Amino acid sequence: MSVCRLGSAEDRIAAGNSIGATLALAALTLAVAVGMGRLFAGSDHLLPLMAAAVVAHAVMFTGRRIGAPLALSAVVAMAAVALAGVWLLLMGTTTFAIPGPGTLEAARRALADAWSEFGDVVAPAPPTDGFLLAAMVGVGATAVLADWAAFGMRVLFEAVVPSFTLFVFTATLGDSGGRSLMVSLYVGTLLAFLVVHRAGLESEGTSWFASRARGGARALLKGAAWLGLVAVVAAVVVGPRLPGASAGAVLAWRDSDRSGGNGRRTTVSPLVDIRGRLVDQSATEVFTVKADKKAYWRLTSLDTFDGQIWSSDRSYEQIGRRVPSAGSGRAPAHAVAQEFTIRSLSSIWLPAAYRPVRVEGIGHVSYNADLGSLITAEDTTDGFTYRVVSAVPDLTGDDLEGGGPPLADRRRFVALPAVAARVRREAQVAAGAARTPYEKALALQRYFRQGFVYDLNARPGHDERALENFLFTTRRGYCEQFAGAYAVLARSIGLPTRVAVGFTPGEPDAKGTYHVRGLNAHAWPEVYLAGSGWVAFEPTPGRGAPGAEAYTGVPEAQAAPQQPGVATTAVPTTAVTADDPSTPSTTAAPAGPAGGATSAGARGLWRHPAVVVLLGLVTLLVLVLPAVPLAKHVRRGRRRAHAVTPADRVWVAWTEAAGAVARAGAPRRPAETLDEHAVRAGTGAALPSPAAAALAMLARDAAAASYSGAPLEQEAAERARSSADTVVAAVHDMATRRRRMAWILDPRPLLPSAPAGRTGPSRRRARRRARTRT
């Protein structure tokens, strides 16, 4: 009898240790997931990454409890992480939350886009679907590998290697924001897991002396908690104040760490997060501008296209208040004074109307004349207020027809990678009979504004595949596609072109201050015309630069705050020729919401956390219903397969019979012998006489298997199997159909704390420990 109680204590200690160590390990993975916020802008990454950690650990823990193979649990865990990613990020591609071929294609495209952008994007990067899917896979794999090492291999320090690797990856690529907090969080959860798991391993090794093991574990945890607290506080508070803490890096692996602080600065291409601003941050106020005249508020321009993405790799020179001139056209210009207050731009660029000539109110400003952009030495301009004076030219079509000196670095602005022949032919078709560079630029603008549709649901990107899909298949896109495609076609016919990125004017208030929101994010092409310099054109339907109608023929227009995605273009009833630039193109906006706006709203509803959680619970219920009986069948088969001796087979038979009578309302009591339990169960469960007699015989055989020094005969094992089958069948026949269904779906018998019995190998361990004590 004492052996049974000691074995039960062993199971309870092991189960408790597993739960505690799993929670500590899950907290460690969650700390890494939260720390990955240094890689992303905003907070949209938190829910997907934390969900990946929780789902992976929950599946691995459940697999251990039901006795599933570790490899199977790992596969199921990664599949569950992938499913969570689909529900959280790609729900709009599913059918009633069930992934299909469209989901796989959307995931493939998102990951491919993330891979192509990885070399150009630096933290904090926009939380695109591709980056978040990849991050979820990384967090899920970290959880699975750590769980495998901790509870499958039963090792200590190897279990923290996956999370430490991901933590170092984040520290290497992430920005400096929240560094101390994230290090504290990781170190604290790391120490907690090491202590809890170590205490669990030690207590399991001495579980026969359970009371002392638990007391020792408590003392160890208490001491380690104080030690960990002191270590974290010392590292975070004292460490940064030690001599030399702010010195340069011994190994300057970061370019910014190099001597003199004049290393290269790399940042995310502003084209990458345009769609995020247009859709996810459309109502977010980015900055305000007090100006005596509105304009496109320009951030920078991109002059290099590598076939995948538009980017720039130029040097900036620090300036004072005066911005060096790169040469201006002959057209008269007027000064535009602006005062910017940056709220949530999250970039190093300083918005300004083109072309800036003076900047005040902010220090350490650098300028590149070829790109026409200003940057700050800070990590972000958020919170700054500064003033800019720009010389904005007053251009007409006649001004742009004149000649002048050619562009000094022309080859750079007409360079293209290998482009499909049909794209180059399309550029010739779009230019038509235009003769001068201005006429060609204007013809390309009309080409895009006639028959193309503005659509925020278009696939992001402007690589060759996206370009051809945009030009020849969908003819739908937003400013990123229009500006990028225009620039490629313009360079194909010899026009020096770059892609400018910034914002449309925004909405003015009663005091004349323009409020610029995410929905005002915009990209447009600029063409170099000899004698006039860089000139902005507007191929995007529904958009028009202020003050540019005289030479573009496009009236001023921008996104409406109520319907930022509603914009399309209709084929004009009157043809516009290159010889008549004053004739505007016809742009019509539908009276009701466009399909693109409806789709974006529907997708936003599908991605709402409450809807996702509800769908997840429903799907989990659907998956669990058939999984429980299957898991019971698998566990029963494994238990019988491990019972190799007659004594073990008798104990397996007793476990199944005792479980059956427990479901019938007669579980075994803690101080009850097997014979006493059999007698009480025969009456308490109202078993038929044959079943009651079979249970009593089975109890005697199980007692002999536990206490008899002599080995049992094979006949005893066969008799026990027959007796157990009789008891189980009797309990099954006595129950109603509803109760039998409840028994089938009840997951509690899968837990190792069930008192009915234990598997053969566990029983053997208990007997060996009991014999050692005697």
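Take the range 269-292 and flag every residue that is more than 19 Å from the chain's Cα centre (by Cα), surrounded by fewer than 19 Cβ atoms within 10 Å (Cβ to Cβ) and not polar (S, T, N, Q).
Answer for the range 269-292, where residues must be more than 19 Å from the chain's Cα centre (by Cα), surrounded by fewer than 19 Cβ atoms within 10 Å (Cβ to Cβ) and not polar (S, T, N, Q): Ala283, Glu285, Lys290, Asp292.
Go through the range 277-309 residue by residue and tally those that are within 16 Å of Asn368 (Cβ to Cβ), part of a strand (DSSP E or B) and of a type outside the set (Gly, Ala, Ser). Write out each step before concluding.
In the first step, residues of the range 277-309 are kept if they are within 16 Å of Asn368 (Cβ to Cβ); the result is 298-304.
With the extra rule that they be part of a strand (DSSP E or B), the set shrinks to 298-302, 304.
Next, only the ones that are of a type outside the set (Gly, Ala, Ser) stay: 298-300, 302, 304.
Number satisfying all stated conditions: 5.
Considering only residues of the range 358-392 that are under 31 Å from the mean Cα position of the chain (by Cα) and of a type in the set (Asp, Glu), which is modelled with the highest pLDDT?
From the range 358-392, those under 31 Å from the mean Cα position of the chain (by Cα) are 375-384; that's our starting set.
Next, only the ones that are of a type in the set (Asp, Glu) stay: 378-379, 382.
Numbers: Glu378: 86, Asp379: 79, Asp382: 89.
This residue is Asp382.
State the number of residues belonging to the range 423-456 that are touching a strand residue (DSSP E or B) at 6+ places or on another chain (Cβ under 8 Å) and assigned to a loop (DSSP other than H, G, I, E, B). Give the derivation first.
Narrowing the range 423-456 to residues touching a strand residue (DSSP E or B) at 6+ places or on another chain (Cβ under 8 Å): 437-438, 441, 452-455.
With the extra rule that they be assigned to a loop (DSSP other than H, G, I, E, B), the set shrinks to 452, 455.
Here the count works out to 2.
Determine, yes or no, whether Glu464 is of a type in the set (D, E, K, R) and in contact with a Leu (Cβ under 8 Å, 6 or more places away or on another chain). Outline the logic, then answer.
Numbers: of a type in the set (D, E, K, R): yes; in contact with a Leu (Cβ under 8 Å, 6 or more places away or on another chain): no.
So Glu464 does not fit the description; no.
Checking Ala427 against (1) at pLDDT 90 or above; (2) out of contact with any helix residue (DSSP H, G or I) (no Cβ under 7 Å at 6 or more places or on another chain); (3) buried (at least 18 other Cβ atoms within 10 Å of the Cβ), which single condition isn't satisfied?
For Ala427, the failing item is (2).
For Gly177, all conditions in the list (1) modelled with pLDDT of 75 or more; (2) within 23 Å of the chain's Cα centre (by Cα); (3) not in a helix (DSSP H, G or I) hold save one; what is the number of the exception?
For Gly177, the exception is condition (1).
Return a yes/no flag: does the range 384-398 have any residue that is part of a helix (DSSP H, G or I), open to solvent by 50 Å² or more (accessible area, probe 1.4 Å) and more than 24 Å from Ala353 (Cβ to Cβ).
Initial filter on the range 384-398 (part of a helix (DSSP H, G or I)): 397-398.
With the extra rule that they be open to solvent by 50 Å² or more (accessible area, probe 1.4 Å), the set shrinks to 398.
Then keep just the ones that are more than 24 Å from Ala353 (Cβ to Cβ); that gives none.
Taking every residue of the range 384-398 in turn, none turns out to be part of a helix (DSSP H, G or I), open to solvent by 50 Å² or more (accessible area, probe 1.4 Å) and more than 24 Å from Ala353 (Cβ to Cβ).
In this structure, does Ala24 turn out to be open to solvent by 10 Å² or more (accessible area, probe 1.4 Å), within 29 Å of the chain's Cα centre (by Cα) and modelled with pLDDT of 90 or more?
Numbers: open to solvent by 10 Å² or more (accessible area, probe 1.4 Å): yes; within 29 Å of the chain's Cα centre (by Cα): yes; modelled with pLDDT of 90 or more: no.
Criteria not met by Ala24.
Just the residues that are more than 13 Å from Gly542 (Cα to Cα), of a type outside the set (S, T, N, Q) and touching a helix residue (DSSP H, G or I) at 6+ places or on another chain (Cβ under 7 Å), please, taken from the range 443-465. Working first, answer last.
Residues of the range 443-465 more than 13 Å from Gly542 (Cα to Cα): 443-444, 447, 457-465.
Filter once more, keeping what is of a type outside the set (S, T, N, Q): 443-444, 447, 458-465.
Passing the criteria: Ala443, Leu444, Tyr447, Ala458, Arg459, Pro460, Gly461, His462, Asp463.
Quick check on the range 692-739: of everything there that is open to solvent by less than 60 Å² (accessible area, probe 1.4 Å) and among the charged types (D, E, K, R), which residue is nearest to Ala653 (Cα to Cα)?
The qualifying residue nearest to Ala653 (Cα to Cα) is Arg721.
Gly682 is checked against (1) without any contact (Cβ under 8 Å) to a residue 24 or more places away in the chain; (2) exposed (fewer than 15 other Cβ atoms within 10 Å of the Cβ); (3) of a type outside the set (Ser, Thr, Tyr) and fails just one. What number does that condition carry?
So Gly682 meets the others, but not (2).
Would you check if there is a residue in the range 47-66 being assigned to a loop (DSSP other than H, G, I, E, B) and surrounded by fewer than 24 Cβ atoms within 10 Å (Cβ to Cβ)? Even if it seems obvious, please write down each step before you answer.
If we filter the range 47-66 for residues that are assigned to a loop (DSSP other than H, G, I, E, B), which is where we start, we get none.
No, there is no match, as no residue in the range 47-66 is assigned to a loop (DSSP other than H, G, I, E, B) and surrounded by fewer than 24 Cβ atoms within 10 Å (Cβ to Cβ).
Could you grab me the full set of residues in the range 481-507 that are open to solvent by 10 Å² or more (accessible area, probe 1.4 Å) and farther than 21 Å from Leu442 by Cβ?
Glu507, the sole residue that qualifies.
Take the range 251-288 and flag every residue that is among the acidic types (Asp, Glu), more than 23 Å from Gln308 (Cβ to Cβ) and modelled with pLDDT under 50.
The one that is among the acidic types (Asp, Glu), more than 23 Å from Gln308 (Cβ to Cβ) and modelled with pLDDT under 50: Asp257.
Among the residues of the range 633-656 satisfying the criterion of being closer than 25 Å to Ala681 by Cα and among the charged types (D, E, K, R), which is least open to solvent (accessible area, probe 1.4 Å)?
My answer is Asp648.
Would you tally the residues in the range 400-416 being surrounded by 12 or more Cβ atoms within 10 Å (Cβ to Cβ) and touching a residue at least 60 places away in the same chain (Cβ under 8 Å)?
Adding up the residues that qualify gives 10.
Kindly list the number of the only condition in (1) modelled with pLDDT under 75; (2) farther than 15 Å from Ala21 by Cα that fails for Leu201.
Just one mismatch for Leu201, condition (2).
Given the criterion in contact with a strand residue (DSSP E or B) (Cβ under 8 Å, 6 or more places away or on another chain), within 27 Å of Pro437 (Cα to Cα), open to solvent by 10 Å² or more (accessible area, probe 1.4 Å) and not aromatic (Phe, Trp, Tyr), identify the matching residue among Ala369, Ala333.
Working: Ala369 fails: in contact with a strand residue (DSSP E or B) (Cβ under 8 Å, 6 or more places away or on another chain).
Sole residue among the options that is in contact with a strand residue (DSSP E or B) (Cβ under 8 Å, 6 or more places away or on another chain), within 27 Å of Pro437 (Cα to Cα), open to solvent by 10 Å² or more (accessible area, probe 1.4 Å) and not aromatic (Phe, Trp, Tyr): Ala333.
Mind listing just one residue for me: the one in the range 143-166 that is open to solvent by 40 Å² or more (accessible area, probe 1.4 Å) and in a helix (DSSP H, G or I) and, of those, farthest from Ala79 (Cα to Cα)?
So the first thing to find is which residues in the range 143-166 are open to solvent by 40 Å² or more (accessible area, probe 1.4 Å), and the list is 145, 148, 153-154, 157-158, 161, 164-165.
Subset that is in a helix (DSSP H, G or I): 145, 148, 157-158, 161, 164-165.
Numbers: Leu145: 14, Trp148: 16, Phe157: 27, Glu158: 24, Val161: 22, Phe164: 23, Thr165: 22 Å.
The residue in question is Phe157.
State the number of residues belonging to the range 532-563 that are open to solvent by less than 30 Å² (accessible area, probe 1.4 Å) and either within 20 Å of Ala433 (Cβ to Cβ) or modelled with pLDDT under 85 (or both).
Here is the first cut: in the range 532-563, the residues open to solvent by less than 30 Å² (accessible area, probe 1.4 Å) are 532-533, 535-546, 548, 551-554, 559.
From what's left, either within 20 Å of Ala433 (Cβ to Cβ) or modelled with pLDDT under 85 (or both): 537, 539, 551-553.
Final tally of qualifying residues: 5.
Hey, among Val75, Val122, Val137, which residue is within 18 Å of Gly35 (Cβ to Cβ) and at pLDDT 90 or above? Steps first, please.
Numbers: Val75 fails: within 18 Å of Gly35 (Cβ to Cβ); Val122 fails: at pLDDT 90 or above.
From the options Val75, Val122, Val137, the qualifying one is Val137.
The values are calculated or read from the model by the stated rules, or taken from the named source; none is laboratory data. Since the model is a prediction, treat every value here as computed from it, not as a measurement. Cβ: placed from backbone, ideal geometry, glycine included. Neighbour counts: every protein chain shown. All accessible areas refer to the heavy atoms of the entire protein, side chains included, with ligands and DNA or RNA removed. Shrake-Rupley method; radii C 1.70, N 1.55, O 1.52, S 1.80 Å.
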